[in-house]
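Read the structure below first, then the notes.
The values are calculated or read from the model by the stated rules, or taken from the named source; none is laboratory data. As the structure is a prediction and not an experimental result, all values here were calculated from the model. Positions of Cβ are backbone-derived with ideal geometry, glycine not excepted, and every protein chain shown enters the neighbour counts.
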Amino acid sequence: MTKKNLHRQNIVACVWDFDKTLIPGYMQAPIFEAFGIDEERFWKEVNALPEIYAKRGTRVSHDTIYLNHLLSFVKNGCLKGLTNKRLRELGHELTFYSGLPDLFTRLQAVVESRPEYRKHNIKLEHYIISTGLAEMIKGSAIAPYVDGIFGCEFIEAPLPPNYSNQDELPLHVEFELSQIGTIVDNTIKTRYIFEINKGSNKNPEIDVNASMDRVDRRIPIDRMIYTADGPSDVPVFSVVKGNGGKAYAVFNPDSEGEFAQNDALLHAGRIHAYGPADYTEKSTTAKWLRMHVRGICDRIVAECEASLSEKISRAPRHLHAEDEDDAEAAAPDAPQKELF
């Protein structure tokens, strides 16, 4: 019996970083503005923390120590009452680069633009993987256009010790951000690439660490395009590019430094190309993304047609005289294909 593949593998995935990729700065800015906190001082303190804690003999993650510092601000009253609901509301205030979120719709139209794409039911999915705050992304203008958001998350009102022995938990609980629920740093981002790849994000029964043949993976990595802003995304660039996907870097058009960083990534072989974080229809970046979405669609069509050709034999037909001569000349012991 022929093995049936787990997935049809007719999906293209555009995977996006968030801060400085889809928006010009860092998403936490509306938090600081709403609570009257000096944003520049906050980040200066965050950048100093790894060295301070190292002197105490403790190593911390440079990517996510800011989460702890945010919680310190909550605990000490500077961000008193900050909740996940409030984070989502503040996400409404995020301003995106030009051309967004319209680009997501325009890329969606690419996979519906040709009859051969529609014939094979090719789909496009968008995902965001960020070291920022998932709740803010969920509240932003981009959220309705994406199929999955992976980011850092907080727990409100954590359960007390021995809560399993209590018949009733206290009803009067102060709901504000209290503990870190999920951490996403620039290395953990690669985990979510494989969740999308294997389909773990759609089916919790599929363990992301389980061994799985390429033919059974929901979205092979060579059908992904990863777009991000620079050196901190090298782990994901490497995984995507090394497995046949496309890696694209963007830079703020007003920043010479970001342009230079992306050029260095290109010459180091980390990315396929780079361009300005301008997603308007006629921009270089939008054209590059459309071209490669279309290229992946073409490969899916070619693979589907080749597979169909291999599995379906030529139908029987009436023979003409020249066909009969050819048939007689054929080797008598040549194996015959099954018709059904």
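Can you name every residue in segment 126-150 that is among the charged types (D, E, K, R) and touching a helix residue (DSSP H, G or I) at 6+ places or on another chain (Cβ under 8 Å)? Within segment 126-150, E135, K138 meet the criteria. For segment 179-224, filtered to residues that are of a type in the set (D, E) and more than 30 Å from L71 (Cβ to Cβ), the residue that is surrounded by the fewest Cβ atoms within 10 Å (Cβ to Cβ) is E205. Restricting the first member to segment 169-187 and to residues that are at negative phi, and the second to residues that are among the aromatic types (F, W, Y) and modelled with pLDDT of 95 or more, the beta-carbon pairs closer than 8 Å and six or more apart or on different chains are L177/F154; S178/F154; Q179/F154; I180/F154; G181/F154; V184/F150; V184/Y192. Scanning segment 238-261 for residues that are in a helix (DSSP H, G or I) and surrounded by fewer than 24 Cβ atoms within 10 Å (Cβ to Cβ) yields S238, V239, K241, G242, E256, G257, E258, F259, A260, Q261.
The set of residues from segment 47-61 being within 29 Å of the chain's Cα centre (by Cα) and in a loop (DSSP other than H, G, I, E, B) comprises R59, V60, S61.
Taking (1) of a type in the set (G, A, S); (2) buried (at least 20 other Cβ atoms within 10 Å of the Cβ); (3) assigned to a loop (DSSP other than H, G, I, E, B) in turn, G269 satisfies each apart from (2). Among the residues of segment 216-230, is any closer than 14 Å to D19 by Cα and over 13 Å from the mean Cα position of the chain (by Cα)? Checked against the condition, which is being closer than 14 Å to D19 by Cα and over 13 Å from the mean Cα position of the chain (by Cα), segment 216-230 yields at least one hit.
Comparison of G257, G275 shows that the only residue that is under 29 Å from Q9 (Cβ atoms) and either modelled with pLDDT under 95 or not basic (K, R) (or both) is G275. Every test in (1) more than 22 Å from M136 (Cα to Cα); (2) out of contact with any Leu (no Cβ under 9 Å at 6 or more places or on another chain) is passed by V60 save one, and that test is (2).
Screening the candidates S232, S283 for the property of being modelled with pLDDT under 95, of a type in the set (G, A, S) and surrounded by 15 or more Cβ atoms within 10 Å (Cβ to Cβ) yields one hit, S232. The number of residues in segment 110-130 that are closer than 11 Å to D298 by Cβ and of a type in the set (D, E) comes to 1. Quick one: is F32 without any contact (Cβ under 8 Å) to a residue 24 or more places away in the chain, farther than 25 Å from Y192 by Cβ and surrounded by 15 or more Cβ atoms within 10 Å (Cβ to Cβ)? Against the criterion (without any contact (Cβ under 8 Å) to a residue 24 or more places away in the chain, farther than 25 Å from Y192 by Cβ and surrounded by 15 or more Cβ atoms within 10 Å (Cβ to Cβ)), F32 qualifies.
For (1) within 21 Å of the chain's Cα centre (by Cα); (2) farther than 21 Å from D233 by Cα; (3) aromatic (F, W, Y), each residue gets a yes or a no:
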residue: F73; (1), (2), (3): no, yes, yes
residue: L107; (1), (2), (3): yes, yes, no
residue: P115; (1), (2), (3): no, yes, no
residue: R118; (1), (2), (3): no, yes, no
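Quick check on K241: is it at pLDDT 95 or above, touching a strand residue (DSSP E or B) at 6+ places or on another chain (Cβ under 8 Å), farther than 25 Å from Y66 by Cα and not aliphatic (A, V, I, L, M)? Yes: the conditions hold for K241. What about W16, is it within 29 Å of F251 (Cβ to Cβ), of a type outside the set (A, V, I, L, M) and in contact with a His (Cβ under 8 Å, 6 or more places away or on another chain)? Yes: the conditions hold for W16.
Within segment 7-23, none of the residues are surrounded by fewer than 17 Cβ atoms within 10 Å (Cβ to Cβ), without any contact (Cβ under 8 Å) to a residue 40 or more places away in the chain and among the basic types (K, R).
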